[in-house]
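The values are calculated or read from the model by the stated rules, or taken from the named source; none is laboratory data. Every value quoted in this text rests on a predicted model; they were computed, and no experiment measured them. In this analysis, Cβ positions are derived from the backbone assuming ideal geometry, glycine residues included, and neighbour counts consider all displayed protein chains. With ligands, DNA and RNA removed, areas are computed over all heavy atoms of the protein, side chains included. Shrake-Rupley method; radii C 1.70, N 1.55, O 1.52, S 1.80 Å.
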Amino acid sequence: MHIAILPGDGIGPEVTREAVRVLDALNLGVTMTTGDVGGAAYKAHGHPLPPATLALAEGADAILFGAVGDPDCDALDRHLRPEQAILGLRKALTLFANLRPAKVFAGMEGHSALRPEVAGAIDMVIVRELNGDVYFGEKGFRTNAAGEREGYDVMSYSTSEVRRIAHIAFRAAQTRSHRVCSVDKANVLETSQLWRDVVIDVAREYPDVALEHMYVDNAAMQLVRKPGHFDVVLTGNLFGDILSDQASMCVGSIGLLASASLGERQTAHGTFGLYEPIHGSAPDIAGQGLANPMATILSAAMLLRHSLGLNQAADRIEAAVAGALAGGVLSRDLGGTAGTAEIGDAVVARL
Ligand code: NAD
Ligand code: IPM
Ligand code: MN
(Lines give C-alpha, C1' and ligand atoms only; values in the text may rest on other atoms or scores of the structure.)
(Ligands and ions follow the chains in the order given, each with its own letter.)
Protein backbone atom coordinates (compact mmCIF):
# COMPACT_ATOMS: atom_id res chain seq x y z
CA MET A 1 0.00 0.00 0.00
CA HIS A 2 1.32 3.37 -1.06
CA ILE A 3 0.45 6.81 0.26
CA ALA A 4 1.48 9.99 -1.58
CA ILE A 5 2.34 12.73 0.92
CA LEU A 6 1.85 16.27 -0.41
CA PRO A 7 2.70 18.75 2.39
CA GLY A 8 2.38 22.00 0.37
CA ASP A 9 2.77 25.49 1.81
CA GLY A 10 2.65 27.45 5.07
CA ILE A 11 1.56 25.22 7.93
CA GLY A 12 0.97 22.34 5.45
CA PRO A 13 4.43 20.78 6.03
CA GLU A 14 4.18 21.33 9.82
CA VAL A 15 0.85 19.57 10.25
CA THR A 16 1.64 16.85 7.69
CA ARG A 17 4.86 15.99 9.53
CA GLU A 18 2.85 15.14 12.67
CA ALA A 19 0.33 13.06 10.72
CA VAL A 20 3.18 11.08 9.13
CA ARG A 21 4.68 10.51 12.58
CA VAL A 22 1.36 9.11 13.71
CA LEU A 23 1.18 6.79 10.69
CA ASP A 24 4.80 5.71 11.28
CA ALA A 25 4.03 4.92 14.91
CA LEU A 26 1.34 2.46 13.85
CA ASN A 27 3.84 0.32 11.92
CA LEU A 28 1.35 -0.45 9.17
CA GLY A 29 3.91 -1.45 6.55
CA VAL A 30 2.71 1.22 4.13
CA THR A 31 5.07 3.06 1.79
CA MET A 32 5.00 6.86 1.84
CA THR A 33 6.44 9.05 -0.90
CA THR A 34 6.57 12.84 -0.61
CA GLY A 35 5.94 15.21 -3.53
CA ASP A 36 6.05 18.96 -4.15
CA VAL A 37 2.76 20.80 -4.49
CA GLY A 38 1.39 24.35 -4.39
CA GLY A 39 3.56 27.43 -4.07
CA ALA A 40 6.51 25.25 -3.05
CA ALA A 41 6.20 23.34 -6.33
CA TYR A 42 5.83 26.54 -8.31
CA LYS A 43 9.03 27.89 -6.79
CA ALA A 44 10.94 24.64 -7.42
CA HIS A 45 9.48 23.57 -10.79
CA GLY A 46 7.50 26.51 -12.21
CA HIS A 47 4.10 24.84 -11.73
CA PRO A 48 1.88 24.26 -8.63
CA LEU A 49 1.00 20.74 -9.77
CA PRO A 50 4.03 19.40 -11.67
CA PRO A 51 3.51 16.28 -13.83
CA ALA A 52 5.65 14.21 -11.44
CA THR A 53 3.38 15.13 -8.52
CA LEU A 54 0.24 14.29 -10.46
CA ALA A 55 1.78 10.95 -11.48
CA LEU A 56 2.75 10.22 -7.88
CA ALA A 57 -0.81 10.98 -6.73
CA GLU A 58 -2.39 8.92 -9.49
CA GLY A 59 -0.16 5.93 -8.78
CA ALA A 60 -0.82 5.85 -5.03
CA ASP A 61 -3.65 4.15 -3.14
CA ALA A 62 -4.33 7.41 -1.31
CA ILE A 63 -3.03 10.95 -0.93
CA LEU A 64 -2.41 12.82 2.30
CA PHE A 65 -2.49 16.53 1.52
CA GLY A 66 -1.42 19.37 3.83
CA ALA A 67 -2.45 22.77 2.47
CA VAL A 68 -1.54 25.10 -0.38
CA GLY A 69 -1.53 28.88 -0.61
CA ASP A 70 1.28 31.39 -0.45
CA PRO A 71 0.85 35.18 -0.34
CA ASP A 72 3.93 35.50 -2.60
CA CYS A 73 1.92 33.81 -5.34
CA ASP A 74 -1.33 35.80 -5.09
CA ALA A 75 -0.43 38.01 -8.07
CA LEU A 76 0.44 35.13 -10.44
CA ASP A 77 -1.82 34.22 -13.34
CA ARG A 78 -4.58 32.10 -11.87
CA HIS A 79 -3.44 28.86 -13.53
CA LEU A 80 -0.09 29.15 -11.73
CA ARG A 81 -1.45 29.91 -8.27
CA PRO A 82 -0.95 27.32 -5.51
CA GLU A 83 -4.71 26.74 -5.09
CA GLN A 84 -4.84 25.35 -8.64
CA ALA A 85 -2.90 22.33 -7.35
CA ILE A 86 -5.68 21.14 -5.08
CA LEU A 87 -8.39 22.07 -7.58
CA GLY A 88 -6.39 20.28 -10.29
CA LEU A 89 -5.96 17.11 -8.22
CA ARG A 90 -9.66 16.99 -7.34
CA LYS A 91 -10.63 17.39 -11.00
CA ALA A 92 -7.93 15.23 -12.63
CA LEU A 93 -8.56 12.35 -10.24
CA THR A 94 -12.39 12.77 -10.38
CA LEU A 95 -12.59 13.16 -6.61
CA PHE A 96 -16.11 14.57 -6.66
CA ALA A 97 -17.32 13.63 -3.18
CA ASN A 98 -15.91 15.63 -0.30
CA LEU A 99 -16.90 14.33 3.14
CA ARG A 100 -16.38 16.81 5.95
CA PRO A 101 -17.47 15.35 9.29
CA ALA A 102 -18.11 17.79 12.13
CA LYS A 103 -18.64 16.36 15.58
CA VAL A 104 -17.97 17.78 19.02
CA PHE A 105 -15.44 15.73 20.97
CA ALA A 106 -16.60 14.63 24.41
CA GLY A 107 -15.72 17.25 26.99
CA MET A 108 -14.92 19.87 24.33
CA GLU A 109 -18.36 21.54 24.30
CA GLY A 110 -16.94 24.53 26.19
CA HIS A 111 -14.49 25.22 23.36
CA SER A 112 -17.18 25.79 20.75
CA ALA A 113 -18.01 29.31 19.60
CA LEU A 114 -21.58 28.33 20.54
CA ARG A 115 -23.06 27.70 23.99
CA PRO A 116 -21.95 24.29 25.30
CA GLU A 117 -25.49 22.88 25.44
CA VAL A 118 -25.99 23.86 21.78
CA ALA A 119 -22.58 22.59 20.65
CA GLY A 120 -22.89 19.25 22.44
CA ALA A 121 -25.46 18.05 19.91
CA ILE A 122 -23.24 18.54 16.84
CA ASP A 123 -22.73 15.36 14.83
CA MET A 124 -23.00 15.97 11.10
CA VAL A 125 -21.22 15.28 7.87
CA ILE A 126 -21.15 17.84 5.11
CA VAL A 127 -21.23 16.07 1.73
CA ARG A 128 -19.80 18.69 -0.59
CA GLU A 129 -19.69 18.28 -4.37
CA LEU A 130 -16.12 18.94 -5.48
CA ASN A 131 -15.84 18.79 -9.28
CA GLY A 132 -18.38 21.34 -10.49
CA ASP A 133 -20.24 24.55 -9.66
CA VAL A 134 -18.90 28.07 -10.07
CA TYR A 135 -15.42 26.72 -9.27
CA PHE A 136 -15.02 25.07 -12.67
CA GLY A 137 -17.23 27.11 -15.01
CA GLU A 138 -15.97 29.53 -17.61
CA LYS A 139 -14.39 32.54 -15.95
CA GLY A 140 -12.58 35.62 -17.04
CA PHE A 141 -12.52 39.37 -17.31
CA ARG A 142 -14.30 41.41 -19.95
CA THR A 143 -15.30 44.95 -20.74
CA ASN A 144 -18.99 45.65 -20.38
CA ALA A 145 -21.15 47.94 -22.53
CA ALA A 146 -20.27 50.91 -20.35
CA GLY A 147 -16.57 50.29 -21.02
CA GLU A 148 -16.03 49.08 -17.48
CA ARG A 149 -13.87 46.06 -16.62
CA GLU A 150 -15.87 43.21 -15.11
CA GLY A 151 -15.12 39.71 -13.87
CA TYR A 152 -17.36 36.69 -14.36
CA ASP A 153 -17.56 33.07 -13.25
CA VAL A 154 -20.23 30.78 -14.66
CA MET A 155 -22.09 28.59 -12.16
CA SER A 156 -23.53 25.33 -13.49
CA TYR A 157 -24.31 21.74 -12.54
CA SER A 158 -25.26 18.92 -14.85
CA THR A 159 -27.84 16.29 -13.91
CA SER A 160 -25.23 13.51 -13.71
CA GLU A 161 -22.97 15.59 -11.45
CA VAL A 162 -25.80 16.18 -8.98
CA ARG A 163 -27.05 12.62 -9.23
CA ARG A 164 -23.73 11.01 -8.27
CA ILE A 165 -23.13 13.25 -5.24
CA ALA A 166 -26.75 12.82 -4.12
CA HIS A 167 -26.28 9.03 -4.08
CA ILE A 168 -23.21 9.49 -1.86
CA ALA A 169 -25.25 11.58 0.60
CA PHE A 170 -28.22 9.20 0.73
CA ARG A 171 -25.96 6.19 1.22
CA ALA A 172 -24.12 8.03 4.00
CA ALA A 173 -27.46 8.81 5.63
CA GLN A 174 -28.35 5.11 5.62
CA THR A 175 -25.36 4.47 7.91
CA ARG A 176 -26.33 7.38 10.19
CA SER A 177 -29.70 8.75 11.26
CA HIS A 178 -31.42 8.51 7.87
CA ARG A 179 -31.78 12.24 7.26
CA VAL A 180 -30.44 14.39 4.43
CA CYS A 181 -30.67 18.17 4.33
CA SER A 182 -29.96 19.43 0.81
CA VAL A 183 -28.72 23.03 0.85
CA ASP A 184 -29.20 25.23 -2.21
CA LYS A 185 -30.37 28.65 -3.38
CA ALA A 186 -33.23 27.46 -5.59
CA ASN A 187 -35.22 30.62 -4.87
CA VAL A 188 -32.73 32.55 -7.00
CA LEU A 189 -30.43 30.26 -9.00
CA GLU A 190 -31.33 27.91 -11.88
CA THR A 191 -28.26 25.84 -10.99
CA SER A 192 -29.91 25.24 -7.63
CA GLN A 193 -33.34 24.51 -9.15
CA LEU A 194 -31.74 21.75 -11.22
CA TRP A 195 -29.90 20.57 -8.09
CA ARG A 196 -33.17 20.38 -6.15
CA ASP A 197 -35.07 18.60 -8.94
CA VAL A 198 -32.35 15.95 -9.25
CA VAL A 199 -32.01 15.44 -5.48
CA ILE A 200 -35.79 14.89 -5.22
CA ASP A 201 -35.58 12.34 -8.03
CA VAL A 202 -32.66 10.44 -6.45
CA ALA A 203 -34.46 10.46 -3.08
CA ARG A 204 -37.16 8.17 -4.55
CA GLU A 205 -34.55 5.38 -4.50
CA TYR A 206 -34.06 5.87 -0.74
CA PRO A 207 -37.51 5.66 0.87
CA ASP A 208 -35.86 5.00 4.25
CA VAL A 209 -34.14 8.43 4.21
CA ALA A 210 -35.99 11.65 5.06
CA LEU A 211 -35.09 14.53 2.74
CA GLU A 212 -35.46 18.21 3.49
CA HIS A 213 -34.37 21.24 1.48
CA MET A 214 -32.96 24.41 2.96
CA TYR A 215 -31.82 27.65 1.38
CA VAL A 216 -28.17 28.31 2.08
CA ASP A 217 -28.74 31.58 3.93
CA ASN A 218 -31.14 29.86 6.32
CA ALA A 219 -28.73 26.91 6.63
CA ALA A 220 -25.95 29.28 7.71
CA MET A 221 -28.29 30.64 10.36
CA GLN A 222 -29.60 27.23 11.54
CA LEU A 223 -26.02 25.94 11.75
CA VAL A 224 -25.36 28.29 14.66
CA ARG A 225 -28.90 28.33 16.07
CA LYS A 226 -29.46 24.57 16.27
CA PRO A 227 -26.57 22.62 14.72
CA GLY A 228 -27.83 19.38 16.26
CA HIS A 229 -30.62 19.52 13.68
CA PHE A 230 -28.23 18.49 10.91
CA ASP A 231 -27.12 14.96 10.09
CA VAL A 232 -26.05 14.66 6.43
CA VAL A 233 -25.81 18.04 4.72
CA LEU A 234 -25.71 17.66 0.93
CA THR A 235 -24.54 20.72 -0.94
CA GLY A 236 -22.57 22.14 -3.86
CA ASN A 237 -18.95 23.13 -4.08
CA LEU A 238 -19.19 26.80 -3.07
CA PHE A 239 -21.83 26.51 -0.34
CA GLY A 240 -20.05 23.46 1.10
CA ASP A 241 -16.77 25.34 1.25
CA ILE A 242 -18.31 28.14 3.26
CA LEU A 243 -20.57 26.09 5.54
CA SER A 244 -17.74 23.71 6.49
CA ASP A 245 -15.50 26.52 7.78
CA GLN A 246 -18.49 27.76 9.75
CA ALA A 247 -19.15 24.27 11.12
CA SER A 248 -15.54 24.09 12.31
CA MET A 249 -16.05 26.96 14.73
CA CYS A 250 -19.25 25.33 15.97
CA VAL A 251 -17.07 22.32 16.85
CA GLY A 252 -14.34 24.51 18.32
CA SER A 253 -11.60 25.14 15.77
CA ILE A 254 -10.75 24.85 12.10
CA GLY A 255 -7.76 22.88 13.34
CA LEU A 256 -10.08 19.96 14.16
CA LEU A 257 -11.94 19.28 10.90
CA ALA A 258 -10.71 16.54 8.58
CA SER A 259 -11.90 15.65 5.11
CA ALA A 260 -11.94 12.88 2.55
CA SER A 261 -12.31 13.48 -1.19
CA LEU A 262 -13.47 10.36 -2.97
CA GLY A 263 -14.39 9.22 -6.44
CA GLU A 264 -15.36 5.90 -7.91
CA ARG A 265 -11.96 4.27 -8.39
CA GLN A 266 -11.37 1.33 -6.07
CA THR A 267 -8.08 0.32 -4.45
CA ALA A 268 -7.21 -3.17 -3.22
CA HIS A 269 -8.82 -2.39 0.16
CA GLY A 270 -11.18 0.51 -0.36
CA THR A 271 -11.78 3.66 -2.39
CA PHE A 272 -8.99 5.79 -3.82
CA GLY A 273 -9.04 9.22 -2.22
CA LEU A 274 -7.34 12.43 -1.14
CA TYR A 275 -7.36 13.40 2.53
CA GLU A 276 -6.75 16.88 3.88
CA PRO A 277 -7.69 19.19 6.73
CA ILE A 278 -10.39 21.70 5.71
CA HIS A 279 -8.13 24.62 6.65
CA GLY A 280 -5.55 26.33 4.49
CA SER A 281 -1.88 27.21 4.77
CA ALA A 282 -2.48 29.77 7.56
CA PRO A 283 0.34 32.16 6.56
CA ASP A 284 -0.32 34.19 9.72
CA ILE A 285 1.01 31.40 11.96
CA ALA A 286 3.23 29.42 9.55
CA GLY A 287 6.72 28.51 10.68
CA GLN A 288 6.00 29.18 14.36
CA GLY A 289 5.09 25.69 15.52
CA LEU A 290 1.65 26.91 16.59
CA ALA A 291 -0.61 25.12 14.11
CA ASN A 292 -2.98 22.44 15.35
CA PRO A 293 -2.12 19.22 13.46
CA MET A 294 -5.22 17.34 14.69
CA ALA A 295 -7.27 17.98 11.52
CA THR A 296 -4.49 16.45 9.43
CA ILE A 297 -4.00 13.56 11.86
CA LEU A 298 -7.76 12.91 11.71
CA SER A 299 -7.56 13.09 7.90
CA ALA A 300 -4.91 10.34 8.04
CA ALA A 301 -7.40 8.28 10.06
CA MET A 302 -10.05 8.79 7.36
CA LEU A 303 -7.44 7.71 4.79
CA LEU A 304 -6.79 4.45 6.62
CA ARG A 305 -10.51 3.76 6.89
CA HIS A 306 -11.71 4.68 3.39
CA SER A 307 -8.73 3.85 1.16
CA LEU A 308 -6.75 1.17 2.99
CA GLY A 309 -9.49 -0.70 4.87
CA LEU A 310 -7.57 -0.31 8.15
CA ASN A 311 -10.55 0.50 10.33
CA GLN A 312 -8.99 -0.47 13.64
CA ALA A 313 -5.93 1.69 13.04
CA ALA A 314 -8.26 4.58 12.12
CA ASP A 315 -10.24 4.06 15.34
CA ARG A 316 -7.01 4.09 17.34
CA ILE A 317 -5.93 7.43 15.85
CA GLU A 318 -9.32 9.00 16.52
CA ALA A 319 -9.31 7.71 20.10
CA ALA A 320 -5.79 9.05 20.61
CA VAL A 321 -6.80 12.51 19.37
CA ALA A 322 -9.90 12.47 21.57
CA GLY A 323 -7.71 11.36 24.47
CA ALA A 324 -5.21 14.17 23.93
CA LEU A 325 -8.03 16.72 23.83
CA ALA A 326 -9.64 15.27 26.95
CA GLY A 327 -6.21 15.36 28.60
CA GLY A 328 -6.02 19.12 28.00
CA VAL A 329 -3.47 19.04 25.16
CA LEU A 330 -4.80 22.14 23.43
CA SER A 331 -3.20 24.36 20.82
CA ARG A 332 -3.62 28.12 20.74
CA ASP A 333 -6.71 27.96 18.49
CA LEU A 334 -8.41 26.07 21.34
CA GLY A 335 -7.20 28.44 24.03
CA GLY A 336 -4.20 26.33 25.09
CA THR A 337 -0.45 26.54 24.71
CA ALA A 338 0.53 23.18 23.17
CA GLY A 339 2.68 23.46 20.04
CA THR A 340 2.38 21.45 16.82
CA ALA A 341 5.04 18.85 17.70
CA GLU A 342 3.84 18.59 21.29
CA ILE A 343 0.38 17.65 20.03
CA GLY A 344 1.94 15.07 17.70
CA ASP A 345 3.84 13.66 20.69
CA ALA A 346 0.66 13.51 22.77
CA VAL A 347 -1.24 11.65 20.06
CA VAL A 348 1.61 9.19 19.42
CA ALA A 349 1.94 8.57 23.16
CA ARG A 350 -1.73 7.59 23.35
CA LEU A 351 -1.65 5.13 20.45
P1 NAD B 1 -6.77 29.36 6.58
O2 NAD B 1 -7.65 28.18 6.81
O3 NAD B 1 -5.39 29.07 6.09
O4 NAD B 1 -6.65 30.22 7.91
C5 NAD B 1 -7.77 30.87 8.50
C6 NAD B 1 -7.48 31.18 9.96
O7 NAD B 1 -7.49 29.95 10.69
C8 NAD B 1 -6.11 31.80 10.19
O9 NAD B 1 -6.19 32.72 11.25
C10 NAD B 1 -5.24 30.62 10.61
O11 NAD B 1 -4.17 30.94 11.44
C12 NAD B 1 -6.25 29.72 11.33
N13 NAD B 1 -5.91 28.30 11.17
C14 NAD B 1 -6.04 27.54 10.05
N15 NAD B 1 -5.60 26.30 10.26
C16 NAD B 1 -5.18 26.25 11.54
C17 NAD B 1 -4.61 25.21 12.35
N18 NAD B 1 -4.38 23.98 11.87
N19 NAD B 1 -4.28 25.51 13.62
C20 NAD B 1 -4.50 26.74 14.11
N21 NAD B 1 -5.05 27.75 13.40
C22 NAD B 1 -5.37 27.51 12.12
O23 NAD B 1 -7.54 30.29 5.55
P24 NAD B 1 -7.07 31.68 4.83
O25 NAD B 1 -6.24 32.48 5.77
O26 NAD B 1 -8.30 32.24 4.28
O27 NAD B 1 -6.18 31.20 3.62
C28 NAD B 1 -4.76 31.10 3.66
C29 NAD B 1 -4.27 30.42 2.39
O30 NAD B 1 -4.67 29.04 2.40
C31 NAD B 1 -4.84 31.01 1.11
O32 NAD B 1 -3.81 31.02 0.15
C33 NAD B 1 -5.94 30.06 0.73
O34 NAD B 1 -6.21 30.05 -0.65
C35 NAD B 1 -5.36 28.74 1.17
N36 NAD B 1 -6.31 27.66 1.47
C37 NAD B 1 -5.94 26.41 1.07
C38 NAD B 1 -6.73 25.31 1.39
C39 NAD B 1 -6.29 23.95 0.95
O40 NAD B 1 -5.12 23.76 0.67
N41 NAD B 1 -7.17 22.97 0.86
C42 NAD B 1 -7.89 25.49 2.14
C43 NAD B 1 -8.24 26.80 2.54
C44 NAD B 1 -7.45 27.88 2.19
C1 IPM C 1 -10.95 24.13 0.76
C2 IPM C 1 -10.28 25.35 0.20
C3 IPM C 1 -10.21 25.26 -1.32
C4 IPM C 1 -11.65 25.29 -1.84
C5 IPM C 1 -9.38 26.34 -2.02
C6 IPM C 1 -7.99 26.45 -1.48
C7 IPM C 1 -9.32 26.12 -3.50
O8 IPM C 1 -10.89 26.50 0.64
O9 IPM C 1 -10.50 23.01 0.50
O10 IPM C 1 -11.90 24.27 1.53
O11 IPM C 1 -12.23 26.36 -1.98
O12 IPM C 1 -12.17 24.21 -2.10
MN1 MN D 1 -12.33 26.15 2.23
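So here's what we get for this one:
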read-out: Strands (runs of 3 or more DSSP E) wholly inside the range 52-165 containing at least 1 residues that are open to solvent by 50 Å² or more (accessible area, probe 1.4 Å) and polar (S, T, N, Q); value: 139-143
read-out: Residue match in the range 50-63 (condition: away from ligand 3 (no atom under 16 Å from the Cβ) and under 30 Å from residue 122 (Cα atoms)); value: yes
read-out: Residues satisfying the stated conditions in the range 21-44, i.e. in a helix (DSSP H, G or I), without any contact (Cβ under 8 Å) to a residue 60 or more places away in the chain and open to solvent by 10 Å² or more (accessible area, probe 1.4 Å); value: 24, 40, 42, 43, 44
read-out: Test: residue in the range 330-342 that is over 16 Å from residue 67 (Cβ atoms), in a helix (DSSP H, G or I), open to solvent by less than 20 Å² (accessible area, probe 1.4 Å) and not charged (D, E, K, R); value: yes
read-out: Close pairs (6 angstrom Cβ cut-off, 6 or more residues apart or separate chains): aromatic (Phe, Trp, Tyr) in the range 220-245, more than 11 Å from ligand 3 (Cβ to nearest atom) anywhere; value: 230/124; 230/181; 239/183; 239/216
read-out: Residue list for the range 112-169, filter: of a type in the set (D, E, K, R), farther than 29 Å from residue 333 by Cβ and over 20 Å from the mean Cα position of the chain (by Cα); value: 138, 139, 142, 148, 149, 150, 153, 163
read-out: Residue satisfying condition, being buried (at least 22 other Cβ atoms within 10 Å of the Cβ) and touching a residue at least 12 places away in the same chain (Cβ under 8 Å), within set 314, 286, 282, 322; value: 282
read-out: Subset of the range 215-254 [within 16 Å of ligand 1 (Cβ to nearest atom) and aliphatic (A, V, I, L, M)]; value: 238, 242, 243, 247, 249, 251, 254
read-out: Members of the range 299-311 that are outside any loop (DSSP other than H, G, I, E, B), open to solvent by 10 Å² or more (accessible area, probe 1.4 Å) and either within 16 Å of ligand 3 (Cβ to nearest atom) or over 27 Å from residue 38 (Cβ atoms) (or both); value: 311
